[in-house]
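**Student:** The structure that follows is given in the form of structure tokens.
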Amino acid sequence: MFLTKLSVLATLLALASAQFSPNYKDGRNGMVHLFEWKWDDIAAECENFLGPYGFAGLQVSPVNENAVIGGRPWWERYQPISYKLTTRSGNEQQFASMVKRCNAVGVRTYVDVVFNHMSANGNSRGTAGSQADPGSKSFPAVPFSTLDFNPTCSITNYNDPKNIRNCELVGLRDLNQGNSWVRDKIVDFLNHLVDLGVAGFRVDAAKHMWPADLAVIYGRVKNLNTAHGFNAGAKPYIFQEVIDLGGEAISKSEYTGLGAVTEFRHSDSIGKVFRGKDQLRYLVNWGTAWGFAASDRSLVFVDNHDNQRGHGAGGADVLTYKVPKQYKMASAFMLAHPFGTPRVMSSFAFSDTDQGPPTSDGSNIASPRFNSDMSCNNGWVCEHRWRQIYNMVGFRNAAANAQLQNWWDNGKNQIAFSRGNRAFVAFNNDGYDLSSSLQTGLPAGTYCDVISGSKSGSSCTGKSVVVGSDGRANISIRQNEQDGVLAIHVNAKL
Ligand code: QV4
Ligand code: CA
């Protein structure tokens, strides 16, 4: 009897904690945000690139109908008109097929869900052809009417949780998640996506919703669809957008009991470190000591679609694709370090912060095209196709659950560490060469550096590193090298 109770309790605990797991397939790790990509292009990307290179998941732009806004800025997708699954990225059938094809090659899908609000005043036609009148809070394609929204007021005071949660974020019509009709519509939307095989959600503007309402909504979402290979009883992974850089009226800790949070302090701190505003040696205690949420509650990133272009809070020190050497170093550190659930940003090139994705005709999104070195063109940056980044996803997979060991630093901006006896990485952000004999933790042999090149058959296309029987190797990163990182692992051993 006692044992039965215990096992029931254990099952309940396992279920309750399951929404903190990204539901990755065994042996895979690392998620990429394919910002503004089309569903057909993502399906092909899963089969041709993400699957083969070991990526575990991808975040998509919002999937539901949004307001069509003049000039087609990227941010029109954050102005919902209905929960019909038609956007510039494609329609429901295309989305469903994409999720299926990605799951088939081991890559999970996470949807950016926007349910704090509907479209702002003035935008009336949606990408699925629905009409709405945000001015009178009328969204007939859901349907929502004025009864489903909080009374109009503007968010003006970030010191007041009521103002932040019950008023309108830049005029976006603020849904009342305490209302049972609103809850039903949101739960139906999320459950529909679960049926289609998604593995979880990025909850947009979670800070602007009451945790108690979110608890009810998440609690009503179905378990993941076993027809797509998820374990019975698996819950969607939930990562909530709560910008908490410290000293705010709303703390991320109000949300970490419900799911993970987007850890903006990780983005801020890693930017400062690799911009040279903090020394690399301080990274020795990277993690909660830096004010981050617990590892399994932290979705970590170098930059996101907002802070790479100055939207949202913080941002001054954020690294982006525009600072490639430092960006690759920060990304390599994030992917090498065991802390958190890392997400790689994959951008389109921009000069104007409102500018939407590349198009063929000012409206239809253009597909990425690929160069012979696998990098993208046609307006797409595709950081995830940069060798220094995708090979670090391979490094993370090779490191698996191995602990961080063999930390070394020069007292300034040269550091190195191993992941058990599986992988080893070194960084040089000083204005002089790194050249030292270091303990790699690895078995003796010759390894290919996966930053300057890759392993190709029985040779390395970049640098190679010889590890002796004592685990030591001569590690060299010259100050003027193209990359300030060197990384080796057991799957890149000759
Ligand atoms: C304008 C005026 C307002 C006025 C309003 C009246 O600026 O003062 O009240 O008109 O109608 C766009 C425009 C913005 C415009 C608004 C409404 O940029 O100027 O307001 O539309 O028409 C994205 C963009 C926003 C964009 C929004 C909706 O970043 O610029 O607003 O989409 O299209 C905080 C939040 C955090 C948020 C972050 C940006 O705590 O939750 O700001 N981040 C998420 C998303 C983000 C998205 C939203 C939330 C909203 O990551 O991409 O905002 O869904 O930190
Ligand atoms: Ca709100």
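Any read-out appearing in this document is the output of simple, stated calculations on the displayed coordinates, not a laboratory observation. Bear in mind that the values here come from a model prediction, so they are computed numbers and not experimental data. All Cβ positions, even for glycine, are placed from backbone atoms using ideal geometry, and neighbour counts span all protein chains on display.
**Student:** As a check on your grasp of the helix formula, calculate [θ] at 222 nm for the chain: sum -39500 (n - 2.57) over DSSP H runs of n ≥ 4, divide by the residue count, round to the nearest 500. Kindly include the intermediate steps, with their values, before the conclusion.
**Tutor:** On the way: 9 runs with 104 residues, N = 494.
Dividing the helical sum by the residues of the chain leaves -6500 deg cm²/dmol.
**Student:** Next question. Tyr432 to Arg125: FRET efficiency via 1/(1 + (r/R0)^6), r the Cβ-Cβ distance, R0 56 Å, to the nearest 0.05? Working shown, then result.
**Tutor:** Details: r = 59 Å, r/R0 = 1.06.
The formula returns an efficiency of 0.40 here.
**Student:** Going 7 Å from the Cα of Leu494 toward and past its Cβ, which residues in the range 445-482 have a backbone nitrogen under 15 Å from where you end up?
**Tutor:** 445-450, 453-468, 474
**Student:** To continue, here is another question. Between the range 46-64 and the range 222-247, how many Å separate their Cα centres?
**Tutor:** 16
**Student:** Using a simple spin-label model with points 7 Å from Cα along the Cα→Cβ vector, what separation in nm is obtained for Ala313 and Ser97?
**Tutor:** 4.2
**Student:** What FRET efficiency comes out for the pair Thr156/Val466, r = Cβ-Cβ distance, R0 = 60 Å, nearest 0.05?
**Tutor:** Numbers: r = 62 Å, r/R0 = 1.03.
Efficiency computed from Cβ-Cβ geometry: 0.45.
**Student:** How many percent of DSSP beta bridges within the chain run antiparallel, rounded to 5? Walk me through the numbers on the way to the answer.
**Tutor:** Working: 41 of 68 bridges.
Rounded to the nearest five, the antiparallel share is 60 percent.
**Student:** Something else about it: Note down the nm distance, to one decimal, between modelled labels 7 Å out along Cα→Cβ at Asn378 and at Gln355.
**Tutor:** Those two pseudo-labels are separated by 1.8 nm.
**Student:** Something else: Find out how many positive minus negative residues lie around Val68, taking Lys and Arg as positive, Asp and Glu as negative, among other residues whose Cβ is under 14 Å from that of Val68.
**Tutor:** It works out to a net charge of +3.
**Student:** Another one. Ranked highest first by average number of other Cβ atoms within 10 Å, how do 247-260, 346-359 line up? Could the numbers behind the result be given before it?
**Tutor:** On the way: 247-260: 18.7, 346-359: 17.1.
Per-residue Cβ counts within 10 Å, averaged per peptide and sorted highest first, yield 247-260, 346-359.
**Student:** What list of ³J(HN,Hα) values in whole Hz, one per residue of the range 39-44 in order, does the Karplus curve 6.51 cos²θ - 1.76 cosθ + 1.60 (θ = phi - 60°) give from phi, with Gly and Pro shown as x?
**Tutor:** Listing the rounded values in order: 4, 5, 5, 5, 4, 5 Hz.
**Student:** Sticking with this one: Return a whole-number percent for the relative contact order of the chain, with Cα pairs under 8 Å and 6 or more residues apart as the contact set.
**Tutor:** That works out to 12 percent.
**Student:** Could the peptides 91-99, 365-373, 424-432 be put in order, highest first, of the mean number of other beta-carbon atoms found within 10 Å of their residues?
**Tutor:** 424-432, 91-99, 365-373
**Student:** Another one. Of Lys328/Lys412; Lys252/Lys322; Lys162/Lys222; Lys328/Lys463; Lys84/Lys137, which sit over 22 Å apart, Cα to Cα?
**Tutor:** Beyond 22 Å: Lys252/Lys322; Lys162/Lys222.
**Student:** Quick one: compute a quarter of the convex hull surface over the Cα atoms of the chain and quote it in nm². Display every interim value, and only then the final one.
**Tutor:** On the way: hull surface 97.5 nm².
Taking the Cα atoms of the chain, their convex hull projects to 24.4 nm² on average.
**Student:** Below 8 Å, C-alpha to C-alpha, sequence gap of six or more: please give me the relative contact order for the range 404-492 in percent.
**Tutor:** 31
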